[in-house]
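The values are calculated or read from the model by the stated rules, or taken from the named source; none is laboratory data. On a predicted model such as this, the values are computed, not experimentally measured, just so you know. Positions of Cβ are backbone-derived with ideal geometry, glycine not excepted, and every protein chain shown enters the neighbour counts. Areas reflect the complete protein model, heavy atoms only, side chains present, ligands, DNA and RNA absent. Shrake-Rupley method; radii C 1.70, N 1.55, O 1.52, S 1.80 Å.
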Amino acid sequence: MDNSISVELGQPEHGWLPVEFHYKDFHLNFAASDVLNNPTEELYNAVIKLNDNEVKRTTWWLEPGAYFFDFEKKGSVIILTIIETEDLHHESSSKKELVKITGNDQEIVEPFRIVLRQFISQTFEKNNWPYNLDKNKMMDL
């Protein structure tokens, strides 16, 4: 079975960014809101600025629920943990680990770098997606 991650960022519309994630038999298909945070900037920081023995989180807000993509680096090993919460604003809301994927930089991080390069190369109208990543950041990807 193929062990690669597949991720796609779709065309944002009215503040919602379609996201598709696939790993083996695990699939997520959702639209993330632009209201609380810039998930594409958080994703960029996670895949570019992840240091050893550190965890970086990308929050994909679904209003009211959310998915968290936690990237952790331990030497040459990268761990991606995807967690779901039913309500981002209630600390008592349950959090459920959906999947934990372990691999190297090429297996875990590179698919996100590729999708970010594609995403940065586009420009969106402010009413559809108010965040445009600096195109100079593409050099880091």
Dipole magnitude of the chain, debye to nearest 20 (Cβ charges: Lys/Arg +1, Asp/Glu -1, about Cα centre): 340 debye
What value, in deg cm²/dmol to 500, does the helix sum -39500 (n - 2.57) over DSSP H runs of n ≥ 4 give at 222 nm once divided by the residues of the chain? -5000 deg cm²/dmol
Under 20 Å from the Cα of K96 - aspartates and glutamates, other chains or at least 8 residues apart: E20, D25, E63, D70, E72, E84, E86, D87
Just to confirm, what accessible area per residue do you get for the chain at 1.4 Å probe, in whole Å²? 54 Å²
Using θ = phi - 60° and the Karplus relation 6.51 cos²θ - 1.76 cosθ + 1.60, list the HN-Hα couplings for the range 112-127 in order, rounded to whole Hz, with x at every Gly or Pro. 6, 4, 4, 5, 5, 4, 5, 5, 4, 5, 9, 10, 10, 5, 4, 6
Over 24 Å (Cα to Cα) among K74/K135; K95/K137; K100/K135; K56/K137; K56/K95 -> K74/K135; K95/K137; K100/K135
Expressed in nm to one decimal, what extension gain is obtained for the pair E97 and Q122 from 0.36 nm per residue of sequence separation less their Cα-Cα distance? 5.8 nm
Tell me, what ³J(HN,Hα) does each residue in the range 97-102 have, in order and in whole Hz, if you take phi through Karplus 6.51 cos²θ - 1.76 cosθ + 1.60 with θ = phi - 60° and put x for Gly and Pro? 6, 8, 7, 10, 10, 10
Taking the Cα centre of each part, how many Å lie between the range 84-135 and the range 69-83? 13 Å
On the accessible surface of the chain, probed at 1.4 Å with all protein chains in place, carbon and sulfur together account for a percent value of 46 percent
Going by the alpha-carbon gyration tensor, a ≥ b ≥ c the square roots of its eigenvalues, is the range 39-141 rounded (a/c under 1.5) or, if a/c is not under 1.5, prolate (a/b greater than b/c) versus oblate? oblate
